[in-house]
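Dropping a structure here in structure tokens format, bear with me for questions.
The values are calculated or read from the model by the stated rules, or taken from the named source; none is laboratory data. Bear in mind that the values here come from a model prediction, so they are computed numbers and not experimental data. Here the Cβ positions follow ideal geometry from the backbone for every residue, glycine too, while neighbour counts run over all protein chains shown.
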Amino acid sequence: MPPDPFFAGAGLDRADHLRADPGAIAALRRHGEARQLVWNDGAPALDGQGRLCWRAVSGEPPLLLGLDGQAPRFSHLPDGNIPANAYAHIHLLALLDEIEGPTFAAALSLANWHRRHGHCSVCGTPTDPNRGGWSRICPNCGAEHYPRADPVVIMLAEHDGRLLLGRQPQYPEGRYSALAGFVEPGESIEFAVARELKEEAGIEVGEVRYLCSQPWPFPSSLMIGAHATAVDERLTIDRQELDDARWFSRDEVLAALAGDSPAPFQPPPKWAIARTLLDRWVDGLM
Ligand SMILES: [Zn+2]
């Protein structure tokens, strides 16, 4: 079985039962094994082995990331810009240990949400961190606001044993990957998959099946991996969204994943759920 998507593991115990109790959070800050995340240049800092870096708790860090066994893990809100684009963090993604992925993702998304959502969306008043940083509360109107995750469908469309992959303009040279798009309000996963494939590639699909999901902390998406059976192979590509899209045979996908030279295309990197979907497809796991 290929590994689960990067960032998709269990991570810390989120300790939801403690978040609403300020006294319990204060006690956790004083716990002998409490640690605070180290940030560097708008992202959690990594050591030479790709592990997160921790230090003794100082002050009152507002974000309770969770418990590592019995050991509390906190974060402050880092100063300065927190880049929301994955390409800004690509040097870290290449180094990041997979076990640390879920905690890295939670800390980055949560800190970014606090940075970008400091005002009440009901009345505009500046809000305060609440519940160990897992909500913000408005001192004026009392509204409580929760960190958001934006659902994105990402799908392998298949027809007659071949897969549809596409190129976005910002991709590195030669990269092809699964098509993707945001789920819109009032839309199911299945209809979002069908709509995106119709809009971007002009294809009609029949059955759509959910496969697996991945938190994507740039800044806070939930990637929903799916497989769609295309009705035919005729493409009408939306050139505003894609440089190109084409059908690849199983042998071509295998050669790309194996890194053959010359490869039919450059596959997505290990930390993208699209890579997991391709690995599972060639292994016959969908
Ligand atoms: Zn308000």
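Mind checking which residues of segment 183-196 are acidic (Asp, Glu) and either part of a loop (DSSP other than H, G, I, E, B) or touching a residue at least 40 places away in the same chain (Cβ under 8 Å) (or both)?
If the condition is that a residue be acidic (Asp, Glu) and either part of a loop (DSSP other than H, G, I, E, B) or touching a residue at least 40 places away in the same chain (Cβ under 8 Å) (or both), then Glu184, Glu187, Glu196 are the ones that fit.
For segment 245-278: of the residues being in a helix (DSSP H, G or I), touching a residue at least 40 places away in the same chain (Cβ under 8 Å) and touching a Leu at 6+ places or on another chain (Cβ under 7 Å), which is surrounded by the most Cβ atoms within 10 Å (Cβ to Cβ)?
Taking the candidates together, the pick is Leu277.
Would you check which residues across segment 91-128 are among the hydroxyl-bearing types (Ser, Thr, Tyr) and surrounded by 15 or more Cβ atoms within 10 Å (Cβ to Cβ) and list them?
Listed by number, the residues that qualify are Thr103, Ser109, Thr127.
Restricting to segment 127-153, name every residue that is under 30 Å from Leu77 (Cβ atoms), among the β-branched types (Val, Ile, Thr) and in contact (Cβ under 8 Å) with a residue 24 or more places away in the chain.
Passing the criteria: only Val152.
Evaluate the following for Arg35: is it at pLDDT 95 or above, over 27 Å from Ser213 (Cα atoms) and not acidic (Asp, Glu)? Spell out how you get there, then give the answer.
Numbers: at pLDDT 95 or above: yes; over 27 Å from Ser213 (Cα atoms): yes; not acidic (Asp, Glu): yes.
Yes.
With (1) on the phi < 0 side of the Ramachandran plot; (2) free of Cβ contacts under 8 Å to residues at least 24 places away in the same chain as the list, and Gly124 as the residue in question, which single condition is left unmet?
The one condition Gly124 does not meet is (1).
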